[in-house]
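S.K.: Here it is: the structure, laid out below.
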Amino acid sequence: MEHITSTPTVKAQAERFTGDVYLNVIEAPTEPARLAAGLVRFTPGARTNWHSHALGQVLYITDGVGLVGTRDGKVVRVSAGESLKCPPGEEHWHGATEANLMAHIALVVGDGSGDGTTWLEPVTDEQYAAALGALGALGD
């Protein structure tokens, strides 16, 4: 058994996020285990770049209101207590709404060579605005 009393909060890598995002690592993938887990906090308007995961990802929303979008234009509004599964290889992004913070625990199973995440280009302001507009049109 290993008791980990705390991990430092670090600012997330700017080349992978737009806006201010903060991370606490819960578990890093170390052999033989392959689980990567982190608490990620997004300030209003902050979001990930487009990315995918070789073996998929589960997000558990702990606080606030956020968005998850996919390349086909689907957008889901998420809030505290909800989970969202991203299937293997699906290009997606996630982040906070314009008016709310959002925090989630991200769970990823690595592929043996890291956490299996492929980071892509930033979500543009236009793509983010379209996602917010799509939610507004749905009454979310």
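The values are calculated or read from the model by the stated rules, or taken from the named source; none is laboratory data. Being a predicted model, the structure only gives us computed values, none of them experimental. All Cβ positions, glycine included, derive from the backbone under ideal geometry; neighbour counts span all protein chains shown.
S.K.: Please give the number of the condition GLY73 fails out of (1) at negative phi; (2) surrounded by fewer than 15 Cβ atoms within 10 Å (Cβ to Cβ).
M.R.: For GLY73, the exception is condition (1).
S.K.: Right, here's the next one. Sort out for me the strands (runs of 3 or more DSSP E) sitting completely within region 73-140 that have 1 or more residues that are closer than 17 Å to ILE61 by Cβ and free of Cβ contacts under 8 Å to residues at least 40 places away in the same chain.
M.R.: On the way: elements: 75-79, 83-86, 92-96, 102-109, 117-119.
The strands (runs of 3 or more DSSP E) meeting that bar are 75-79, 83-86.
S.K.: Further question: Counting just the residues of region 1-35 that are among the hydroxyl-bearing types (Ser, Thr, Tyr) and surrounded by 14 or more Cβ atoms within 10 Å (Cβ to Cβ), which one comes out nearest to PRO122 (Cα to Cα)?
M.R.: Our first condition is that a residue be among the hydroxyl-bearing types (Ser, Thr, Tyr); within region 1-35, this holds for 5-7, 9, 18, 22, 30.
Still in the list and also surrounded by 14 or more Cβ atoms within 10 Å (Cβ to Cβ): 7, 18, 22.
Values: THR7: 27, THR18: 7, TYR22: 17 Å.
Top of the filtered list is THR18.
S.K.: Quick check on ARG41: is it over 14 Å from the mean Cα position of the chain (by Cα) and among the basic types (Lys, Arg)?
M.R.: Values: over 14 Å from the mean Cα position of the chain (by Cα): no; among the basic types (Lys, Arg): yes.
The answer is no for ARG41.
S.K.: Which members of region 85-140 meet the condition of being of a type in the set (Asp, Glu), modelled with pLDDT of 95 or more and within 20 Å of ALA36 (Cα to Cα)?
M.R.: Selection gives GLU90, GLU91.
S.K.: Within region 65-85, is even one residue within 22 Å of ALA130 (Cβ to Cβ), in contact with a helix residue (DSSP H, G or I) (Cβ under 6 Å, 6 or more places away or on another chain) and of a type in the set (D, E, K, R)?
M.R.: Checked region 65-85: at least one residue is within 22 Å of ALA130 (Cβ to Cβ), in contact with a helix residue (DSSP H, G or I) (Cβ under 6 Å, 6 or more places away or on another chain) and of a type in the set (D, E, K, R).
A quick yes/no check of all residues on (1) closer than 28 Å to ALA130 by Cβ; (2) without any contact (Cβ under 8 Å) to a residue 40 or more places away in the chain; (3) touching a strand residue (DSSP E or B) at 6+ places or on another chain (Cβ under 9 Å):
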site: SER6; (1), (2), (3): no, yes, yes
site: THR18; (1), (2), (3): yes, no, yes
site: LEU23; (1), (2), (3): yes, yes, yes
site: ILE26; (1), (2), (3): no, no, yes
site: PRO29; (1), (2), (3): no, no, yes
site: VAL40; (1), (2), (3): yes, no, yes
site: ASN49; (1), (2), (3): yes, no, yes
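S.K.: Could you tell me which numbered condition LEU39 fails, if it satisfies all but one of (1) closer than 14 Å to ALA103 by Cα; (2) surrounded by fewer than 18 Cβ atoms within 10 Å (Cβ to Cβ)?
M.R.: (2)
S.K.: I'd like to verify a number: residues in region 92-119 that are surrounded by 16 or more Cβ atoms within 10 Å (Cβ to Cβ) and not polar (S, T, N, Q), how many?
M.R.: Selection size over region 92-119: 16.
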